[in-house]
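What follows is a single structure, written as structure tokens, with notes after it.
Nothing in this text is a laboratory measurement; each read-out follows from the coordinates by a stated rule. As the structure is a prediction and not an experimental result, all values here were calculated from the model. All Cβ positions, even for glycine, are placed from backbone atoms using ideal geometry, and neighbour counts span all protein chains on display.
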Amino acid sequence: MAIIIRLDRILADRKMKLNELARLIDLSPVNLSNIKTGKIKAIRFSTLDAICKTLECQPGEILEYVED
Amino acid sequence: MKSKTGCKNISNLHSLIRFFYYASIVFAASGLIALVFIFSIPYSAISFEKGIRGWVYSVNMPLGIGSAFFMISGEIPKNILHFIPLDMINIRAAIVVDFLISHIVPFIIVIIGLREIGNLTSDMLNKKSPFQAKYLKSLRKISYIVLLYSTLGNTLLCILISIFAADYFSVTVVFSWIGVLIGVLGYIFSDITEYGLFLQDEYDTTL
């Protein structure tokens, strides 16, 4: 897929664990792990909003377009 | 409150379908057992006469004086044995073939359909989505079987009766339009289920 999720990089920058972010945005760790590993087809604006608010970042920092 | 009522409705529907499923199995099994015994009962127990729409038959096993155990009855359509004189017909074979093709085979299709609907309602009771690939496949299969039986069932009956019950070959192609309609509706419904399956997958993989 051409869209890559860079959640692991942002989490490393913020020194935050996946489980902690999952607890803060009220999402199950399994689902957040699926987002992190790109095992999803789409992401809701509400989920993206919660992640950006918690990690204090822009959506562009999480999503990256890579040409195939 | 509303979901509880819905759950109760599904539960009632599930019980009803299970009841009809087991009843159908019992009926089909009794029919098959009756067919096995048809070769051992005397000719006097078999009634086979020309009716308005076809050859009407019934088998009543005599139990004693004045009492009989009713086994099977049916009607072979006029177009199949119409031109054949009675003495040229192997009555027992004709009854067995007709009962198998006209009664047992549709019952088996109904049993398969009821089993799948029962599994579906069972999954709905367990809060599982009804849009699953296994139901899509079985719905498609049942639709194909119903379509095939509706279009070729009568022809198959003609051929089998010609082979086993009469020394006279005649094939008539008669469609069961209601069966064709049910098969086509089943196929259309399976297409709708496929779209539902796609939407379910999209929903499940959207976080």
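Observations on the model:
- Near the amide H of B:ILE41, within less than 5 Å, lie no amide hydrogens of residues on another chain or at least 5 residues away, with H placed in the peptide plane.
- Rg/Rh for the range A:3-65 stands at 0.90; both radii use Cα atoms, and Rh follows the Kirkwood definition.
- The longest part of chain B holding none of the exposed loop chymotrypsin sites (Phe, Trp or Tyr not before Pro), meaning those outside H, G, I, E and B in DSSP with at most 12 other Cβ atoms within 10 Å, is B:84-168.
- Distant-in-sequence amide H partners of B:ILE72 (H built 1.01 Å from N, under 5 Å): B:VAL59
- Between helix B:105-125 and chain B: long-axis angle, C-alpha atoms, 0 to 90°, nearest 10: 20 degrees
- Summing +1 for each Lys or Arg and -1 for each Asp or Glu among the other residues whose beta-carbon sits under 12 angstrom from that of B:ASP201 gives -2.
- The calculated FRET efficiency for B:ALA29 paired with A:THR37, based on their beta-carbon distance and R0 = 41 Å, is about 0.20.
- Relative contact order [Cα under 8 Å, 6+ residues apart], chain B, whole percent: 20 percent
- Principal-axis analysis of the Cα atoms of chain B puts helix B:133-164 at an angle of about 10° to the longest axis.
- Entries in B:LYS50/B:LYS78; B:LYS8/B:LYS128; A:LYS17/A:LYS53; A:LYS41/B:LYS127; A:LYS36/B:LYS127 that, when Cα-Cα distance is taken, lie over 19 Å: A:LYS41/B:LYS127; A:LYS36/B:LYS127
- Förster-model FRET efficiency, 45 Å R0, B:LEU199 and B:PHE19, C-beta, rounded to 0.05: 0.85
- Distance between the C-alpha centres of the range B:145-207 and the range A:1-45: 48 Å, rounded to the whole angstrom.
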